[in-house]
Every structure is written in C-alpha cells, then in structure tokens.
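Reviewing the structure listed below.
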Amino acid sequence: MDALTLLREVSDAYRSLRSLSVEASILTESGDENFSQHSEQRVHFLYAAPDRIRYERFGKNGIVQVADGKELHTSFGGRRFAGKPHYSSVPAANLPRLPHLFQPDFPFGVADEVFLYQGIEQGVVAAQILRHEDGCHVVSVTYKPSPRFGVITGSPVLLWVNGENRIVMRQEGEVGHRRPAEDEITWTRHTVAVRKVSINEPLSENTFHFTPPPDSNQTEAGRFPLVARIQSGFVEHSSDNERPLEHRRSHEWDGDTLVEHSKWKMRGVTLLFERRLTFSADGKELHIAERITGPKGEVTGNHSLPVDSKQPPGRTPLSTGPASMLGPEIPGVLCPKCIWRPRAKNRWRCKCGHQWNTFDTRGLCPGCGYQWEITVCPECGEISPHKDWYLKQ
C-alpha cells in the first residue's frame, strides 16, 4: 500500500465517524540558540457528526470551546485575571469551517490543533511511509505551500496512523512565520500526541451544551479585515495578489531625539526611512531630519515645524497626542525591552485573523483558542515572553 492510498483511507475513516473522544498532549517548541520557548498542555476533544464539538484545554491557560451546531462558544480566563472570566459566541454560519478540522491551505500548528482529518489527502505534494512503529504507520507528508502571508511551510508533516482503525495517533509539524518587511523566519514545532481515544461511543447530549461562566464578560469575536495588521507592521495585497505592500516600523531614543525607523516593500523594491525628531530648546519648533534609502541611493531633507510645545524640554512622552485615542494605559503591564505601556485599545492579531488586546486574555486568542507564549511590542518590534510583560506584585 502506498502513502497516498493510506491518507485516503484515513480521510474515509474520519468521514464515517459518528463520534470521537480524544485525550491528548500538545507540545510546542520555538526559538533559536539565543531564546527558546517550550510548553506542554493536556487537552480533551469530543466530536459528534456532523458539526458538534467540545474542546477543553486544561491548566493555567485553560479554555472550553463548544460548537453545538448553531454557534461556536469559547470561554477562557477563569478567575486568574483579577477580574471576571470571558466568553465569546460566533454563529456557525459565520465560521469558515468547523474548528480542529484539517484544511490543506492552513497547515498544522498555525491555529487550532487538528483532530478531524477528513480531507487529509488534499494538497499533497509528496508522501511516503517511513516505517511501522507501535502498531502505527509512520507517514511523511509534504503539502503545498500555504498561500497565507507570513506563514512558511514546506517541511514534511509526520503522522502516526493506527494500522487498524486509521485514526491519527500522533502528528509532528514545523511552521515558520515571517514578519512584514522582514526576511527573518521564526520556526515553531508542534506535536500532538494522543493518549486515549474512543470511537463511535455514545456521548451525552449535555456534552455540547454551553453555559457561560458565572459573572463572565462577553468578548466580541469578529472577523479580520482585508488589510492584515500584524504586530508592528501590516501587509496589504492588491486585487491580483501580485503586488503586495509590506510595512514595518520601530523607534528608539537618541538622547532627547526620537528616531523613527520605517521599512517598506512595494513593487519588489525595499525602501528604508529614518526620521529624527527634536524639539528646540524653547519648545517652539520641532526639527525633523529625514533620510530615505533605496536600492540605488538615498535622499535627505531637513524641516522645521512650528509647534509651540507647552511641555518642558526633554523626552516627549509617547502617550500624548494620537496615543491618547487608544484609551488608558493598562496598569501593571509594560514591554520588557523598551518599557512601552500598552493601552486599552491597542490590538494584536492572531494567526487565525482575530484581532484583540492580548493583555485582556493573557495571550489567549478569543477567536481560535490559541495560547500565545510570546508577544511582539508594537513600538520597538522586539519579541518577549508574554509573562514577562506583567510587573511582579
């Protein structure tokens, strides 16, 4: 039997399921020789054909996700926030797919873990049965590259397929992510190891009943716009998808001079902008020195803008001006690298497309339940462990 035939049998086995119960461990590893992250969590997944699921992730970042055929409900946060738990509800008609279902253009490890493998034979570039191990066929599968910006795939996914019932008992995959206007790729390895599985056993009707946690707040779970804003940059695609526009920015202080860096990629050209802003000694003018560097040279310019600042000389707080439109600062939270303080209306974007303030949920995406262990600062562009943003009490 060849590998592609085996994948078709796996797909058929999942399509014929009446119910499924899986207890598994999720292992996530990311980083390089200078910084690494490692997390392991226990999960329980239940499914009743054709469209009902219950997913529970245990531990300090635990969540409950229930699809009852009409809506997808997600509760998270519990009592660990010094406040109330949160939950969200999305009509099933607004969902692009059932959570935890395999899709060929959304590779393993990018959003929610895969537990339903119908369609796993789609989008295959190459497949090979490597060996037989503990009653399973170990299969290496390479899928077509993901069309989603910033997601780098291509390395094979390893699957351990039960030799009798064709249930996937383990999967290992690696996914890379690229920031807008940057060439560096961050790789994350995901492993899902099934500990216990039950097939076509009766499930209680209460399994798929969702009740919001007591005294909980409802969080809006919206869909993402056409322009994808990713951390401290954005990507915008043209209608023909052949001329993407990418942007990334950061800033730093040089004494009392604010230095702003901006990098653009457009029409195959990379442009670097540097802008230096300094107030005059009497605060009546803002001196601006600009430099723009392209592939064939650079241009510079100097400007003076009357402002008549009422603040004393020195560094201008970044929380003034437009930042005040983003609401109050979140108490007890700041960037470990540049001491920037996030505000109530700042937004981060998950790999699933949902946008929210990551500090409302301690890094847990309300849209797909993915737990972010790292957070990028929109000001300095540096990555830090999410837990390091919180001041010790």
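The values are calculated or read from the model by the stated rules, or taken from the named source; none is laboratory data. Just so it is clear, the structure is predicted and the values come from calculations on it, not from any experiment. Don't worry about glycine lacking a Cβ; one is built from the backbone with ideal geometry, like all the others, and counts go over all protein chains shown.
Identify the residue in the stretch 243-300 that is without any contact (Cβ under 8 Å) to a residue 60 or more places away in the chain and among the hydroxyl-bearing types (Ser, Thr, Tyr) and, among all such residues, is nearest to Ile339 (Cα to Cα). Within the stretch 243-300, the match that is nearest to Ile339 (Cα to Cα) is Thr257. The residue of the stretch 170-194 that is nearest to Ile374 (Cα to Cα), among those that are small (Gly, Ala, Ser) and at pLDDT 80 or above, is Gly173. Of all residues in the stretch 364-386, those that are outside any loop (DSSP other than H, G, I, E, B) and either of a type in the set (A, V, I, L, M) or without any contact (Cβ under 8 Å) to a residue 24 or more places away in the chain (or both) total 4. Hey, among the residues in the stretch 300-344 that are part of a loop (DSSP other than H, G, I, E, B), exposed (fewer than 12 other Cβ atoms within 10 Å of the Cβ) and β-branched (Val, Ile, Thr), which one's modelled with the lowest pLDDT? Across the stretch 300-344, the extreme among qualifying residues is Thr320. Is it fair to say Val197 is modelled with pLDDT under 70, of a type in the set (A, V, I, L, M, F, W, C) and outside any loop (DSSP other than H, G, I, E, B)? So Val197 fails the test. Asp360 meets each of the listed conditions (1) of a type outside the set (Gly, Ala, Ser); (2) touching a Lys or Arg at 6+ places or on another chain (Cβ under 9 Å); (3) surrounded by fewer than 20 Cβ atoms within 10 Å (Cβ to Cβ); (4) modelled with pLDDT of 85 or more apart from (2).
Each residue in the stretch 23-80 was checked for being among the basic types (Lys, Arg) and at pLDDT 75 or above, and 5 pass. The residue of the stretch 323-379 that is farthest from Pro99 (Cα to Cα), among those that are over 19 Å from the mean Cα position of the chain (by Cα) and among the β-branched types (Val, Ile, Thr), is Ile339.
For the stretch 104-158, filtering for residues that are at pLDDT below 85 and on the phi > 0 side of the Ramachandran plot leaves 3.
Of the residues in the stretch 273-299, how many are under 21 Å from Trp253 (Cβ atoms) and part of a strand (DSSP E or B)? Don't jump to the end; show me each part of the working.
Step one: filter the stretch 273-299 for residues under 21 Å from Trp253 (Cβ atoms), giving 273-283, 285-291.
With the extra rule that they be part of a strand (DSSP E or B), the set shrinks to 273-279, 285-291.
Total satisfying the criteria: 14.
Kindly provide the set of residues from the stretch 343-377 that are more than 26 Å from Glu40 (Cβ to Cβ) and touching a Pro at 6+ places or on another chain (Cβ under 8 Å), ordered by number. Once the filter is applied, which keeps residues that are more than 26 Å from Glu40 (Cβ to Cβ) and touching a Pro at 6+ places or on another chain (Cβ under 8 Å), the stretch 343-377 yields Arg343, Ala344, Asn346, Asn357. Checked against (1) closer than 24 Å to Val114 by Cβ; (2) free of Cβ contacts under 8 Å to residues at least 40 places away in the same chain, Thr361 passes all but condition (2).
Against the condition in contact with a Ser or Thr (Cβ under 9 Å, 6 or more places away or on another chain), farther than 28 Å from Arg349 by Cβ, modelled with pLDDT of 85 or more and among the aliphatic types (A, V, I, L, M), how does Leu286 come out, does it pass?
On the way: in contact with a Ser or Thr (Cβ under 9 Å, 6 or more places away or on another chain): yes; farther than 28 Å from Arg349 by Cβ: yes; modelled with pLDDT of 85 or more: yes; among the aliphatic types (A, V, I, L, M): yes.
Taking the combined requirement at face value, the residue satisfies it.
Consider the stretch 250-279 and keep the residues that are under 15 Å from Gly381 (Cβ atoms) and acidic (Asp, Glu). The one that is surrounded by the fewest Cβ atoms within 10 Å (Cβ to Cβ) is Glu252.
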